[in-house]
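What follows is a set of notes on a single structure, which appears directly below.
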Amino acid sequence: MLFGIINTVLIVSAISGILAFLLVIADLVFANYGECKITINDKKEVKVEGGDSLLSTLNENKIFLASACGGRGSCGFCRCKVTAGAGPILPTEKPFLSPQDIKDDFRLACQVKVKEDIKIEIPEDIFNIKKFKAKVSQIKDLTHDIKELHLQLLEPQEIDFKAGQYVQLQSNKYAKIKKSVSRAYSISSSPDKNKEIELIIRKVPDGICTTWVHEYLQEGEEVNFTGPFGDFYIRDSKADMIFIAGGSGKAPIKSMIEYLSKHKTERRMVYIFGARARKDLYYTEHFQNLEKQFPDFTYLPILSRPTAQCNWNGKCGYAPNYFDEFIKDPKNTEAYLCGSPGMIDAVEKGLKKKGVSSENIYYDKFA
């Protein structure tokens, strides 16, 4: 009986292996789509070799769509309008597309395969996104699991970005990882420093890119990135501003506040930074110095799980606990949030309850 079961399992496994092999061979032999044409915004045409994803094909032609997950279909950032040639919507796309998105022909570029001529529509500012080569000039430890990278631009030598935007850093091959990946990281330095950028990168367990940064990347090494991307940036108004972040979500907020300080803003600003324990705090002295420079700027670090070893005498809990104290005029307040989806959802709910308009709440979710 046992021998029969084992024999059956071996046969099924062998058949599955053979079928998988045949599918690979069939794809190589028959999936030769030849030359295809991508028409962009009804005015630009790109001739490409078919067979790869729309996202990868555009990247190869120096047209860079956002993709925080590196094209794995798990972030939804590479949405674009595909009006012809995309084929049926895949199950992997549906979680990221609303019924209205589907009606308006939006697709995930990483899931659409170029098999025939395709027509797409993308924002014109995407053509300003570039690929950069840079040298790692400095690597600093900010906390036990967060590093700061200083990247000196080599080619091109300058970058034009808005405070709050991000780039997609491409990892180099290391150890057993033989394929590079791209991951999104917010720029933490001010746009005024346009010959280099700084990134804040928190180590993710088993993360290919973060493991490379934390364990293998060396000062002096050359790296590549594309950008800038994102619509998380400062709005031009005179409203009060409340910034809320956690973990490496401090990166775009740091860029925003440094930019505002260098341009002598007169807007009232409050920055609430949440961490679990004291060991997770960083840049504290930097923001305390900014408090001294600007009487209308308040920096409030809070701990959600302080321990006895923390020796913490500051604020505890979560950001919404302090809205009554620091939001003076909800109808004239803009909120800028950066962190995990759970944190942002909870904070957004608290802001709306306080009276801050949803139209004045801007965020960047770090999944």
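Every read-out reported here was derived from the displayed coordinates using simple, explicitly stated rules and does not represent laboratory data. No experiment lies behind these values; they were computed from the predicted model shown. Quick reminder, even Gly has a Cβ in these numbers, built from the backbone with ideal geometry, and neighbours come from all protein chains shown.
Odds and ends about this structure:
- Taking Cβ separations below 4.7 Å as the criterion for a possible disulfide partner, the isolated cysteines in the chain are C36, C78, C80, C110, C209, C310, C316, C338.
- Intensity falloff of the stretch 253-325 expressed as log10 I(q)/I(0), Debye formula with alpha-carbon point scatterers, at q = 0.13, 0.23 Å⁻¹: -0.41, -1.07
- What separates the Cα centres of the stretch 104-137 and the stretch 295-340 is a distance of 38 Å.
- Ellipsoid equivalent to the stretch 144-235 - semi-axes via the Cα gyration tensor, in Å: 23, 15, 12
- Note on the chain: GNM, Cα springs under 10 Å; of P99, P341, P228, the largest mean-square fluctuation is that of P99.
- Backbone phi angles across the stretch 220-231, fed through the Karplus curve with coefficients 6.51, -1.76 and 1.60 (θ = phi - 60°), yield HN-Hα couplings of x, 6, 8, 9, 10, 8, 10, x, x, 10, x, 10 Hz in residue order; Gly and Pro are listed as x.
- Placing +1 on the Cβ of every Lys and Arg and -1 on the Cβ of every Asp and Glu, with no other charges, gives the chain a dipole of roughly 620 debye about its Cα centre.
- Loop trypsin sites (Lys or Arg not before Pro), the stretch 37-98, which have at most 15 other Cβ atoms in a 10 Å radius of their Cβ (DSSP): K43, K62, R72
- Farthest toward positive dipole pole in the chain [+1 Lys/Arg, -1 Asp/Glu at C-beta], among F229, N321, T210: N321
- Fewest-first ranking of I122, I187, I344, using other Cβ atoms within 10 Å as the exposure measure: I122, I344, I187
- Check: the stretch 191-328 dipole with +1 on Lys, Arg Cβ and -1 on Asp, Glu Cβ, in debye: 500 debye
- Per-residue HN-Hα couplings for the stretch 112-128 [Karplus 6.51, -1.76, 1.60; θ = phi - 60°; Hz; x = Gly/Pro]: 8, 9, 7, 10, 8, 4, 10, 10, 10, 10, 9, x, 4, 5, 5, 5, 8
- Across the alpha-carbon atoms of the stretch 42-84, the computed radius of gyration and Dmax are 10.9, 31 angstrom.
- Remark: the stretch 216-280 is approximated by an ellipsoid whose semi-axes, taken from the C-alpha gyration tensor as √(5λ), come to 27, 19, 11 Å, largest first.
- Three-way shape call for the stretch 35-126 based on the alpha-carbon gyration tensor, with the a/c threshold at 1.5: rounded
- Put simply, the amide H of D364, placed in the peptide plane, has neighbours under 5 Å in L337, C338, G339, leaving out anything fewer than 5 places away on its chain.
- For the chain, the residue among I244, S56, N194 whose Cα projects farthest onto the positive side of the dipole built from Cβ charges is I244.
- 3J(HN,Hα) couplings calculated from phi for the stretch 144-150 with the Karplus curve 6.51 cos²θ - 1.76 cosθ + 1.60 (θ = phi - 60°) are, in sequence order, 5, 9, 10, 10, 10, 9, 10 Hz; Gly and Pro show x.
- Loop-located GluC sites (Glu not before Pro) in the stretch 154-254 (DSSP state not H, G, I, E or B) with no more than 14 neighbouring Cβ atoms inside 10 Å: E158, E219, E221.
- Dipole of the chain, positive end: most advanced residue of G85, T39, I253 [Cβ charges, Cα centre]: I253
- Choice from P306, P205, P320 with maximal GNM fluctuation in the chain (Cα, 10 Å cutoff): P205
- For the stretch 240-365: rounded, prolate or oblate by the Cα gyration tensor [a/c cutoff 1.5]: oblate
- Long-range amide H partners of M269 with built H, under 5 Å: M241, F297, T298
- Checking every one of the trypsin sites (Lys or Arg not before Pro) in the stretch 90-156 against DSSP loop status and a limit of 13 other Cβ atoms within 10 Å picks out no site at all.
- P(r) of the stretch 134-187 over all Cα-Cα pairs, binned every 5 Å from zero, in whole percent: 4, 14, 17, 30, 23, 9, 3, 0
- The stretch 129-229 - charge dipole about Cα centre, Lys and Arg +1 at Cβ, Asp and Glu -1, debye rounded to 20: 420 debye
- Based on the reciprocal of the average 1/r between different C-alpha atoms, the Kirkwood radius for the chain equals 23.0 Å.
- Placed amide H near E196: partners under 5 Å, 5+ positions off or other chain: L153
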